[in-house]
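Everything on this sheet refers to the single structure shown next.
The values are calculated or read from the model by the stated rules, or taken from the named source; none is laboratory data. All of these numbers come straight from a predicted model, not from anything done at the bench. No Cβ is skipped: glycine too gets one built from the backbone with ideal geometry, and neighbour counts run over all protein chains shown.
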Amino acid sequence: MITYERRTTADSVELRGQDGSHAVLNGYASMFGSYSRNLGGFVERIDPKAFTKTIKEQDVRSLFNHDPSMMLGRIGAGTLRLSVDERGLAYENDLPNTTLGRDVAELISRGDIMGSSFGFRAVADSWGLTEDKYPLRTVTECSLRDIGPCTFPAYEATEGALSTLAARAELDIVEVRSLADEDHLYQVIEHLQSIDDIGRETPTELVTVRRRRVF
C-alpha cells in the first residue's frame, strides 16, 4: 500500500494576468530553511534536493484541497509548471476558465485562500535530532502527487513518517506510535545513531538491543 503524506505552507499565493477569463496562480508548495511544527513527537524539514528528480519525471497535478475532482492543472498539459529556487518549491498554474477556476481565483484575490499544499510519497528520508535534541525527520527525496492552493494551511501530522522510522528501527509501528505520543522518539533516534557508530550487527542482535535500550 502506497502511503501519501501531505504538507502545507501558509506562504501567500498570488494571482497575475487576471482578465476575467484567465488567471495565473503563483505560490510555494514547500518552503526550505525551517522546521515544521510538532507533527506528533517529531519535527520535519524538506531537503532542497528532495524535489529535483520528481519535478522532471512526475506528471504532477494541481488540485484544490487535494481533491482529484477539483483539478486546476497538470504538468503534462503544460498548465502547471514547477521549479525549485532558494526559497522552496515554486509553482505557476494557469487556472482553467471553469466554475472552479474562477471561484478559486476570486477566493484568492479576496484573501480568503492564502496557503498552498503538496501531497507526496517519501522515497528517502533520514532521522536525527535538532540542536535541542528533539527528533527530526529530513525528507531527502520524494515523489510528488499533487500541489495546489488549500483552505487550511496546517502542517499535518503523518503516519507515513512514523512507518519509515519503525521499519528502519525494526520496531512495530504501534510501539513507535506509542513512543511518539509520549514524546520519547528521541530514544529510537539515539539508538539508531549509536548503531551507526558501533558498526554492523546481525538483525537478531539489533532487535534485541533496540528493545532493551528503547524501552
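For segment 20-33, state whether one or more residues are crowded, with 20+ Cβ neighbours inside 10 Å and under 11 Å from THR138 (Cα atoms).
No: segment 20-33 contains no residue that is crowded, with 20+ Cβ neighbours inside 10 Å and under 11 Å from THR138 (Cα atoms).
Check ALA161, ALA105, ALA124 and return the single one that is in contact with a strand residue (DSSP E or B) (Cβ under 7 Å, 6 or more places away or on another chain), part of a strand (DSSP E or B) and aliphatic (A, V, I, L, M).
Numbers: ALA161 fails: part of a strand (DSSP E or B); ALA105 fails: part of a strand (DSSP E or B).
Only one candidate qualifies: ALA124.
Which number in (1) under 30 Å from LEU63 (Cα atoms); (2) more than 12 Å from the chain's Cα centre (by Cα) marks the one condition that SER117 misses?
(2)
If I filter segment 51-64 for residues that are of a type in the set (A, V, I, L, M, F, W, C), within 13 Å of the chain's Cα centre (by Cα), surrounded by 16 or more Cβ atoms within 10 Å (Cβ to Cβ) and in the same structural domain as GLY115 (by TED's automatic domain parsing), do I get at least one hit?
Step one: of segment 51-64, the residues of a type in the set (A, V, I, L, M, F, W, C) are 51, 55, 60, 63-64.
Narrowing the set further to residues that are within 13 Å of the chain's Cα centre (by Cα) leaves 51.
Subset that is surrounded by 16 or more Cβ atoms within 10 Å (Cβ to Cβ): 51.
Next cut, in the same structural domain as GLY115 (by TED's automatic domain parsing) only: 51.
For segment 51-64, residues of a type in the set (A, V, I, L, M, F, W, C), within 13 Å of the chain's Cα centre (by Cα), surrounded by 16 or more Cβ atoms within 10 Å (Cβ to Cβ) and in the same structural domain as GLY115 (by TED's automatic domain parsing): present.
Of the residues TYR91, TYR35, TYR4, TYR28, only one is touching a residue at least 24 places away in the same chain (Cβ under 8 Å), touching a Phe, Trp or Tyr at 6+ places or on another chain (Cβ under 7 Å) and not aliphatic (A, V, I, L, M); which? Write out each step before concluding.
On the way: TYR91 fails: touching a Phe, Trp or Tyr at 6+ places or on another chain (Cβ under 7 Å); TYR35 fails: touching a Phe, Trp or Tyr at 6+ places or on another chain (Cβ under 7 Å); TYR28 fails: touching a Phe, Trp or Tyr at 6+ places or on another chain (Cβ under 7 Å).
Step by step, each of TYR91, TYR35, TYR4, TYR28 is checked, and only TYR4 is touching a residue at least 24 places away in the same chain (Cβ under 8 Å), touching a Phe, Trp or Tyr at 6+ places or on another chain (Cβ under 7 Å) and not aliphatic (A, V, I, L, M).
Restricting segment 101-130 to residues that are hydrophobic (A, V, I, L, M, F, W, C) and in contact with a Phe, Trp or Tyr (Cβ under 7 Å, 6 or more places away or on another chain), which is nearest to GLY41 (Cα to Cα)?
LEU129
Of all residues in segment 73-97, count the ones that are of a type in the set (S, T, N, Q), surrounded by fewer than 21 Cβ atoms within 10 Å (Cβ to Cβ) and at pLDDT 95 or above.
Just the residues of segment 73-97 that are of a type in the set (S, T, N, Q), to begin with: 79, 83, 93, 97.
Add one more test, that the residue is surrounded by fewer than 21 Cβ atoms within 10 Å (Cβ to Cβ), and what stays is 79, 83, 97.
Now restrict to residues that are at pLDDT 95 or above: 79, 83.
Of the residues in that region, 2 qualify.
Of the conditions (1) within 30 Å of SER116 (Cβ to Cβ); (2) modelled with pLDDT under 80; (3) crowded, with 16+ Cβ neighbours inside 10 Å, LEU165 satisfies every one except a single condition; which number is it?
Exception for LEU165: condition (2).
So, LEU144, is that one modelled with pLDDT of 80 or more, assigned to a helix (DSSP H, G or I) and either assigned by TED's automatic domain parsing to the domain that holds GLY33 or of a type outside the set (S, T, N, Q) (or both) or not?
Details: modelled with pLDDT of 80 or more: yes; assigned to a helix (DSSP H, G or I): no; either assigned by TED's automatic domain parsing to the domain that holds GLY33 or of a type outside the set (S, T, N, Q) (or both): yes.
When the stated conditions are applied, LEU144 does not pass them.
Select from segment 39-54 the residues that are touching a Leu at 6+ places or on another chain (Cβ under 8 Å) and at pLDDT 95 or above and list them in ascending order.
Correct list: PHE51, THR54.
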